[in-house]
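The values are calculated or read from the model by the stated rules, or taken from the named source; none is laboratory data. Just so we're clear, the structure is a prediction, and the values are computed from it rather than from any experiment. Here Cβ is always computed from backbone atoms with ideal geometry, including for glycine, and neighbour counts include all displayed protein chains.
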Amino acid sequence: MRQTLCSALAAFLMLSVIGADDEAAAQRAYPERPVTLLVPAAAGGPSDTVARLIADSMSKSLGQQFVVENMGGAGGSLGAGKVAKADPDGYTLLLYHIGVTTFAALYPTLPYKPAEAFTSVGLVTEVPMTLVGRSDLPPGSVAELITYLKAQNGTVTFGTAGVGAVSHLCGILLQQATGAKLTTVPYKGTGPAMTDLLGKRIDLMCDQTTNTTNHIKAREVKPYAVTTPQRIGVLSDMPTLQESGFAGFEITAWHAIWAPKGTPEDVRKTLAAALQKALTDPVVIERFAALGTVPVTKELATPAALDERFQSEITRWGKLIAEAGEVAK
Ligand code: MLT
């Protein structure tokens, strides 16, 4: 009897050592198969543009394909939910933005808690936003636009990527700052919304330079202002909303990478290191610059910096959303 117990115990210990070894070996070998980088917005849009550049660079440095998967809808909260529920093994990641910090406030019945569901990898870039109209929209300046919006009494159509998307959050700030009402038209991303703005089927958008710069330069949309405190190099003719009379108006689409909660620390370190490398990649730097943005600094491309940013934005937007009485219907 004693003999049998000892050999059973020995077998068990052996197995757990082997199991632990396998897990450690898997973590050391990470990634040993393609990694999904989920973007919770439509393909061809601003977040997709950022994701594909970063995915290409991380694929190169980690020797495995980072495959971008698009899943738009509900401002991005649907796709983010898929990552929140994914296995915490480093093979399913989320690339999105500031919107993630607003989901809990905007979607009271969200089936996951963004503040608890993810493990931070790092910030990627802070994309400035631009207020743009269809090319034949009458107003020729910010001042004229605000007068026009008020005169139209809420009938001006404003394309967004849904409740919680940064294009929607910018709309909340714009309505609060101007007192003008807008009719929001949600899409699965600002990629498809831009198609309708170019087609003059909607009137106005607040969208990221990664999606607007080329259309502004080609005069396919009417440029009004940028949402950063300083003008942007590639769009230096466009005034800021602050210099247009809206003191303190500021919003950028800071993008970041998250993994599901419980992702092993080794894997997270490998990902953070590959992200930092991607942010010094000349191809990424050049493409970002042409689209009006820059990679964040090395110090910001860390899990700790993202955690800090996440908490401060949850507080900021929780208050703003409550004041605006915004909630997903
Ligand atoms: C997108 O990629 O479509 C945007 O990031 C959506 C948004 O406005 O948040």
Exercise. Being surrounded by 22 or more Cβ atoms within 10 Å (Cβ to Cβ) and at pLDDT 95 or above is the filter here, so list the residues in the stretch 64-74 that pass it.
Key: 66, 72
Quiz item: Hey, any hits in the stretch 106-120 for a residue that's within 13 Å of the ligand (Cβ to nearest atom) and crowded, with 20+ Cβ neighbours inside 10 Å?
Solution: yes
Quiz prompt | Residues (over 21 Å from residue 248 (Cα atoms), more than 9 Å from the ligand (Cβ to nearest atom) and not small (Gly, Ala, Ser)) located in the stretch 152-173 | solution = 152, 153, 155, 156, 157, 158, 163
Quiz item: Can we say residue 130 is in contact (Cβ under 8 Å) with a residue 40 or more places away in the chain, closer than 17 Å to residue 320 by Cβ, in contact with a Cys (Cβ under 9 Å, 6 or more places away or on another chain) and crowded, with 23+ Cβ neighbours inside 10 Å?
Solution: no
Quiz item: For the subset of the stretch 250-273 comprising residues that are of a type in the set (Gly, Ala, Ser) and touching a Pro at 6+ places or on another chain (Cβ under 9 Å), which member is nearest to residue 93 (Cα to Cα)?
Solution: 259
Exercise. Out of 183, 195, report the one residue that is surrounded by fewer than 18 Cβ atoms within 10 Å (Cβ to Cβ), away from the ligand (no atom under 15 Å from the Cβ) and without any contact (Cβ under 8 Å) to a residue 40 or more places away in the chain.
Key: 183
Exercise. Please enumerate the residues belonging to the stretch 244-262 that are of a type in the set (S, T, N, Q) and over 20 Å from the mean Cα position of the chain (by Cα).
Key: 244
Practice problem: Could you tell me which numbered condition residue 227 fails, if it satisfies all but one of (1) of a type in the set (Val, Ile, Thr); (2) at pLDDT 95 or above; (3) farther than 25 Å from residue 135 by Cβ? | Solution: (3)
Quiz prompt | Filter pass, residue 155 being under 26 Å from the mean Cα position of the chain (by Cα), of a type outside the set (A, V, I, L, M) and not in a helix (DSSP H, G or I) | solution = no
